[in-house]
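Asker: Please see the structure below; I have some questions.
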Amino acid sequence: MAAAFSCPVFLPSTFSYNGNRYHGRIKIKINATSSTKVKTLNEIAGAGKGSSSLATSTEIGHLSQEQIRQRIPTKKQLVDPYRQGLIIERGVGYRQTVVVRSYEVGPYKTATLESLLNLFQETALNHVWMSGLLSNGFGATHGMVRNNLIWVVSRMQVQVDHYPIWGEVLEIDTWVGASGKNGMRRDWLIRSQATGITYTRATSTWVMMNEKTRRLSKMPEEVRDEISPWFIDKRAINEDVPEKIVKLDDNARYVNSDLKPKRSDLDMNHHVNNVKYVRWMLETIPDKFLESHQLSGIVLEYRRECGSSDRVQSLCQPDEDETLTNGVEQSLLKNMILTPGIMEGNGYLGPLDVKSYGYTHLLQIKGDSKNEEIVRGRTRWRKKLSTLPYSS
């Protein structure tokens, strides 16, 4: 019986783009047996011109250096070894395994809310990446790029049961679904790989904006045809009636008017990234409160984008104290039944007499004649707990 073997071969490649010459390598994997006749590279290169499955120098020349370096898939991928990602949920959901890194944690060695939001964004983009639909935009599909469209988030809700710790291995699941006629919903679940306990749930609504006019747009049929096969009728957070967030005025208790976006705050769509908004909101809350409390939920309603030249004001108003009764929190956490076992033993929210605290937020652009809303927000807080969510 002939022995089988597999051998990678690297061929040098040189091509031109925009008057510049680039050098690279083409990787070929050869599968054969000991009885296979091995041809020379010249024979391989000259055999069956026009019918070879290898990319020709002419084809490579049509690719930009950016496309070659990014290696964006042109068809659906089931596994991504570089990002530790794989397609799940009958071929349409996405799961990625990540490790909480040192720069993603705060003083207490737990992941920050900003880190969680960044993980949401990264896994969403990687999901589109593996779908084969990603064009050269920030998560935009080929149809969106042809219509000069980009994604913008209109609403997001996050519920945090417990914050991951430094070095912990997490599994993040994300999937998309329909939201009305012209929107898309994206949900996430974050859980510990070691225990299987779900730490965080999140849901968001996305709409399309014309990149040139900066106005919201209807979803073209070609884009709907691209993304609708990926829709799942499943929700991370069951929200029957979205909570209405009131608009604050200048009488809010805490105000920070000295906010100016930096160039580093801009994303690939040339506006301030939504994670930066959350930082501005939380920094308006007094330090003394932040030292003793931990955010357990947040709802954000986005009204308009913010640019690098805008002057931003953050307003914040605390609620009256609200108490947990009968194991059910009557605000952001109303979907979560808090059983005594969870309350006492697994480091979620503590005993039933724990109070939760709420804040209402507003970010707005300061104008000469009027102010324009950027985002409204609601945050829910609990006393910091030191126990970890592991079964006793």
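The values are calculated or read from the model by the stated rules, or taken from the named source; none is laboratory data. Predicted model only: the values in this text are computed from it and were never measured. Here the Cβ positions follow ideal geometry from the backbone for every residue, glycine too, while neighbour counts run over all protein chains shown. Keep in mind that these areas ignore ligands, DNA and RNA; they rest on the heavy atoms of the full protein, side chains included. Shrake-Rupley method; radii C 1.70, N 1.55, O 1.52, S 1.80 Å.
Asker: Of 260/384; 260/383; 109/288; 260/370; 75/218; 181/366, which ones are farther than 23 Å apart at the Cα?
Answerer: Going by Cα-Cα distance, 260/384; 260/383; 75/218; 181/366 fall outside the 23 Å limit.
Asker: Please give the charge dipole size of segment 75-206, origin at the Cα centre, charges +1 on K and R Cβ atoms and -1 on D and E Cβ atoms. Round to the nearest 20 debye.
Answerer: Dipole about the Cα centre, nearest 20: 460 debye.
Asker: Got a number for carbon plus sulfur as a percent of segment 73-236's accessible area, 1.4 Å probe?
Answerer: 52
Asker: Let me ask something additional. Show me 214-223, 198-207 ranked by packing, highest mean number of other Cβ atoms within 10 Å first.
Answerer: With the highest mean Cβ count within 10 Å placed first, the list reads 198-207, 214-223.
Asker: Please give the contour-minus-distance gain from residue 246 to residue 165: 0.36 nm per residue of separation, less the Cα-Cα distance, rounded to one decimal in nm.
Answerer: 25.7 nm
Asker: Something else: What number comes out for accessible area per residue over segment 73-236 if the probe is 1.4 Å? Units Å², please.
Answerer: Solvent-accessible surface per residue comes out at 45 Å².
Asker: Within a Cβ distance under 10 Å of residue 203, other residues only, what is the Lys/Arg minus Asp/Glu net charge?
Answerer: Net local charge, residue 203 excluded: +3.
Asker: Give, in nm to one decimal, the length gained when the segment between residue 103 and residue 290 is fully stretched (0.36 nm per residue of separation minus the Cα-Cα distance).
Answerer: Separation in residues times 0.36 nm, less the Cα-Cα distance, equals 65.4 nm.
Asker: Here's a follow-up. According to the square roots a ≥ b ≥ c of the eigenvalues of the Cα gyration tensor, what is the shape class of segment 151-196, taking rounded for a/c under 1.5, prolate for a/b larger than b/c otherwise, and oblate for the remainder?
Answerer: Because a/c hits 1.5 or more and a/b exceeds b/c, segment 151-196 counts as prolate.
Asker: Give the average over all directions of the projected area of the C-alpha convex hull of segment 73-236, one decimal, in nm².
Answerer: 9.9
Asker: Towards the positive end of the charge dipole of segment 73-236, with charges on Cβ (+1 Lys, Arg; -1 Asp, Glu), say which of 157, 206, 190 has the farthest Cα.
Answerer: 206
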